[in-house]
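The values are calculated or read from the model by the stated rules, or taken from the named source; none is laboratory data. Keep in mind that this is a model prediction, so the values were computed, not measured. Positions of Cβ are backbone-derived with ideal geometry, glycine not excepted, and every protein chain shown enters the neighbour counts.
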Amino acid sequence: MIPEKRNPAGVDGASDVLLPGGNRSEGTLDTERQQGRYPYQPGYKDDGPGRQAAIALMPKLGKRRAEALEVLRTVRDATPDEIATRICRPPHTTRPRLSELYLLGLAVKTGARRPSAFGTPQTVYRIATAEELALFLARKAANTERGEGGDQ
């Protein structure tokens with residue numbers, strides 16, 4: 001679906017959060033540093049099937065996030081279900097990727113809501129501007145320095 005390979009977020013360094021694992025082997029959960037936690041890697045609640053599903057998703061995670069960002073770049077704003085339709089994926093696999101992108105500062109909630117196929121309201125997202133991403137990262141760094149944690 002995505003015609004060319006490039007930095008999906010359009011901002012230097014964004015590929016670090018889009019492509020999990022870095023120089024580590026794909027398919028492993030990194031618990032050694034901050035990138036080992038949600039939203040850097042898929043979330044799970046206990047050491048059971050959810051963890052197994054998170055591990056299985058790791059090799060695909062960067063691609064799924066990049067697909068969602070590419071749709072947002074193309075259409076300007078969209079709900080998770082609208083994005084799922086455009087990339088031919090089930091909505092339940094796209095919604096978590098939008099939540100992760102939001103928590104990583106790469107997607108922004110517009111404040112608008114649109115109905116899903118079932119009529120329930122869904123959040124509308126757009127891609128973050130370079131300025132918004134820079135502000136997000138600066139706030140996150142300041143919170144980390146103060147010991148308030150850098151996540152979310």
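Results, tabulated for the structure shown:
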read-out: Filtered residues of the range 97-117 (kept if surrounded by fewer than 18 Cβ atoms within 10 Å (Cβ to Cβ) and either more than 19 Å from Lys140 (Cβ to Cβ) or of a type in the set (A, V, I, L, M) (or both)); value: Leu103, Thr110, Gly111, Ala112, Arg113, Arg114, Pro115, Ser116, Ala117
read-out: Close pairs (7 angstrom Cβ cut-off, 6 or more residues apart or separate chains): over 10 Å from Arg97 (Cα atoms) in the range 61-85, of a type in the set (D, E, K, R) and part of a helix (DSSP H, G or I) anywhere; value: Val71/Arg86
read-out: Every residue from the range 78-102 that is closer than 24 Å to Leu135 by Cα and more than 14 Å from the chain's Cα centre (by Cα); value: Ala78
read-out: In the range 119-130, residue farthest from the chain's Cα centre (by Cα) [restricted to those that are buried (at least 16 other Cβ atoms within 10 Å of the Cβ), part of a strand (DSSP E or B) and not polar (S, T, N, Q)]; value: Val124
read-out: Contacts under 6 angstrom Cβ, first residue in the range 35-60 being closer than 25 Å to Gly105 by Cβ, partner part of a helix (DSSP H, G or I), 6 or more apart; value: Pro39/Glu100; Pro39/Leu103; Pro42/Ala54; Pro42/Leu57; Tyr44/Gly50; Tyr44/Arg51; Tyr44/Ala54
read-out: Total residues in the range 87-99, condition in contact (Cβ under 8 Å) with a residue 40 or more places away in the chain and not polar (S, T, N, Q); value: 3
read-out: Exclusive hit being at pLDDT below 95 and not aliphatic (A, V, I, L, M), set Pro121, Pro90; value: Pro90
read-out: Subset of the range 79-126 [closer than 25 Å to Ala53 by Cβ and of a type in the set (A, V, I, L, M)]; value: Ile83, Ala84, Ile87, Leu98, Leu101, Leu103, Leu104, Leu106, Ala107, Ala117
read-out: Residue in the range 100-118 that is at pLDDT below 90, at negative phi, part of a helix (DSSP H, G or I) and among the hydroxyl-bearing types (Ser, Thr, Tyr) present; value: no
